[in-house]
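Notes follow once the structure below has been shown.
The values are calculated or read from the model by the stated rules, or taken from the named source; none is laboratory data. Computed from a predicted model, the values in this text were never measured in an experiment. Glycine gets a Cβ as well: all are built from the backbone with ideal geometry, and neighbour counts include every protein chain shown.
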Amino acid sequence: MFLLDPFSGISGDMFLSAMIDFVDKEELINTIKKVVDVDIEIKKVKKCHIVANKVNIIPKNVNYNANTYKDMVDIIKNSDIQKDIKISALEILKILAEAESKVHNVNIEDVHFHEVGNYDTIADIVGAAYIINKLNLKDSCFYKPINVGNGFVKTEHGLLPVPAPATAEILKGLEIFFSDIDEELTTPTGAAIIKYINPKLVEGSFIIKEISYGAGDKDLEIPNHKGYISNISQSFDEMESEAFQLQIRRICSTFSKSFMPNVLRVFKIENIKMEDIALLETNVDDVSPEILGYLYEVLDGKVRDLHFIPTYMKKNRPAYTIRAIVKRDKVKEVAKIIMRETGTLGIRIFNINRITADREFKTIKLFDEDVRIKFGIIDNEIISEKPEYEDLKKIAKKYGIPLKELYKLIKK
């Protein structure tokens, strides 16, 4: 599992640089070169004394004639790369083109990419598609709010506000923030990549396993309250010796500038999904099996789990312990139902935490019928794989096949 931290924005090359430690570098380079004929340099640089990866896409003397969306689509489609990588690259490019199309009110086929270079945009998008597929980032990644910068950016259409209109369109639905830095920190390509990944905003705690930094091209100066510092300097000018005044001015000059590393930080994390729930419990010794069966139906959809556990109560009477696992906001409703249906005079309530696996579903065909397969996933690792019982039961009845045989067929 990965967490993207775009505290200094995100661009295509920053994404490649930050993620390159987690994939096969040679395979990544070869994938890009199958699409565009470029040289790729990977090196270490320092940003504010932080060592970061830097991926440079260096063009050769080739005219790609790929300034339009249609041109870029043709180049990617005609390349000899894996199908899943090709599909992802085309989807990222489509996100970028659709935003430009909407902002400029032109047909998507006529979108002309003025502000993005043709060769490096294709290289960034194909490289990002390779990384996303190799690391299974799509719909399975976290992020922190995205720094878009501030001020204006110079384009062929004139000065445009940061984030540029196409970037702002792409970032709909994602959390962003403006900073004091008058730079475009999040580019359209970077925005399209993170939009395609569709990450979740990080919540709660996690365990850091690895950290990587991907460098951008900028050196970012953060403006400070220079007027306030100037006033301090002037105050000392009025009362101290010339040597002391000079020293104060040097100190003020130092503090009037501060810098922020232009890097994308990525955490490889172990995400432990904790859930706050409540356990409701009561004992009953005078309730018939029919009532318990009906209680199960009444509570369907209102509880996470429901158990009837045989037990013995006072005077050695056979009884049942009813246990219901519910969301905190359902406690009163479920407790009231149990008391009304069973006549019990009290419910014990335990507020507890539980660790849960992520659940994902995939639909397959069996005898031309849909069967949902439920996957249990912890930290990107599949720990369980099971077909939905109701789907198999329907097929078993329809075709007269024993249920156990269908389970065997699924496993094959």
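Note on the range 390-404: residues that are assigned to a helix (DSSP H, G or I) and either surrounded by 11 or more Cβ atoms within 10 Å (Cβ to Cβ) or in contact (Cβ under 8 Å) with a residue 60 or more places away in the chain (or both) total 8. Please tell me if Ser79 is out of contact with any strand residue (DSSP E or B) (no Cβ under 6 Å at 6 or more places or on another chain), of a type in the set (Ser, Thr, Tyr) and in a loop (DSSP other than H, G, I, E, B). So Ser79 fits the description; yes.
The residues on offer are Leu292, Leu345, Leu299, and the sole one that is in contact (Cβ under 8 Å) with a residue 12 or more places away in the chain, over 27 Å from Thr356 (Cα atoms) and in contact with a helix residue (DSSP H, G or I) (Cβ under 9 Å, 6 or more places away or on another chain) is Leu292.
The number of residues in the range 329-351 being surrounded by 11 or more Cβ atoms within 10 Å (Cβ to Cβ) and either assigned to a helix (DSSP H, G or I) or not assigned by TED's automatic domain parsing to the domain that holds Arg304 (or both) comes to 13. Taking first residues from the range 117-136 that are assigned by TED's automatic domain parsing to the domain that holds Glu156 and partners that are at pLDDT below 90 and among the aromatic types (Phe, Trp, Tyr), the Cβ contacts under 8 Å between residues at least 6 apart in sequence or on separate chains come to Asn118/Tyr64; Tyr119/Tyr64; Thr121/Phe113; Ile122/Tyr64. In the range 18-41, the residues that are closer than 26 Å to Ala66 by Cα and assigned to a strand (DSSP E or B) reach residues that are modelled with pLDDT under 95 and acidic (Asp, Glu) with C-beta atoms within less than 8 angstrom, at least six apart or across chains, in these pairs: Val38/Asp120.
Do you know which of the residues in the range 164-183 that are at pLDDT below 95 and touching a Leu at 6+ places or on another chain (Cβ under 9 Å) is surrounded by the fewest Cβ atoms within 10 Å (Cβ to Cβ)? So, considering only residues that are at pLDDT below 95 and touching a Leu at 6+ places or on another chain (Cβ under 9 Å), the one surrounded by the fewest Cβ atoms within 10 Å (Cβ to Cβ) is Ser179.
Against the definition (within 23 Å of Gly293 (Cβ to Cβ), out of contact with any Cys (no Cβ under 9 Å at 6 or more places or on another chain), part of a strand (DSSP E or B) and of a type outside the set (Gly, Ala, Ser)), how does Thr363 come out, yes or no?
Values: within 23 Å of Gly293 (Cβ to Cβ): no; out of contact with any Cys (no Cβ under 9 Å at 6 or more places or on another chain): yes; part of a strand (DSSP E or B): yes; of a type outside the set (Gly, Ala, Ser): yes.
Spelling it out, it is not the case that Thr363 is within 23 Å of Gly293 (Cβ to Cβ), out of contact with any Cys (no Cβ under 9 Å at 6 or more places or on another chain), part of a strand (DSSP E or B) and of a type outside the set (Gly, Ala, Ser).
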